[in-house]
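Q: Below is a structure I'd like to ask you about.
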Amino acid sequence: MATETKTLADLASVKGAEPQAAPTGDALADLVTEHYDGVLEEYGIDVGVRAARKHLDWYLESAGIAPAKEARWALLNSPEPRDVRQMIKNLFARPALLPQAA
């Protein structure tokens, strides 16, 4: 069975409702943070920070955010949830202000 890649707009839509625009800015940062916190709650911090990596990377790709290599690495590898939450806010709420990947 083939899996279908979902976009941010797909995820923002409620089943059976009209599709909504994909969240951006603070709304996107809030959505990503809520998902991240849910993963940590489900798996605990030690496993959760590792489990969340693929989701955070997907959000970056789906939102078209290509941070500098060091910023991406820090987001996906930090063991500190407080630091990751701050990076989510910085990366997703204001991506135009960040240095972009070459």
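The values are calculated or read from the model by the stated rules, or taken from the named source; none is laboratory data. Remember, predicted model here, so these are calculated numbers, not experimental data. Reconstructed Cβ throughout: ideal geometry from the backbone, glycine too, with neighbour counts over all protein chains shown.
Q: For segment 7-33, give me each residue that is outside any loop (DSSP other than H, G, I, E, B), surrounded by fewer than 16 Cβ atoms within 10 Å (Cβ to Cβ) and modelled with pLDDT of 70 or more.
A: Answer for segment 7-33, where residues must be outside any loop (DSSP other than H, G, I, E, B), surrounded by fewer than 16 Cβ atoms within 10 Å (Cβ to Cβ) and modelled with pLDDT of 70 or more: 25, 26, 27, 30.
Q: Would you tally the residues in segment 47-65 being β-branched (Val, Ile, Thr) and assigned to a helix (DSSP H, G or I)? Before you say what the answer is, go through the steps one by one.
A: Filtering segment 47-65 for residues β-branched (Val, Ile, Thr) gives 47, 49, 65.
Applying the additional criterion that residues be assigned to a helix (DSSP H, G or I) yields 47, 49.
So the count comes out to 2.
Q: A follow-up question, please. Can you pull out the residues in segment 34-48 that are buried (at least 17 other Cβ atoms within 10 Å of the Cβ) and more than 17 Å from residue 91 (Cα to Cα)?
A: Listed by number, the residues that qualify are 39, 40, 48.
Q: Sticking with this one: Across segment 49-74, which residue is nearest to residue 85 (Cα to Cα) among those that are touching a Ser or Thr at 6+ places or on another chain (Cβ under 9 Å) and buried (at least 18 other Cβ atoms within 10 Å of the Cβ)?
A: Selected residue: 49.
Q: Oh, and also: Within segment 41-51, is there a residue that is at pLDDT 95 or above, of a type outside the set (A, V, I, L, M, F, W, C) and on the phi > 0 side of the Ramachandran plot?
A: Yes, the conditions are met somewhere in segment 41-51.
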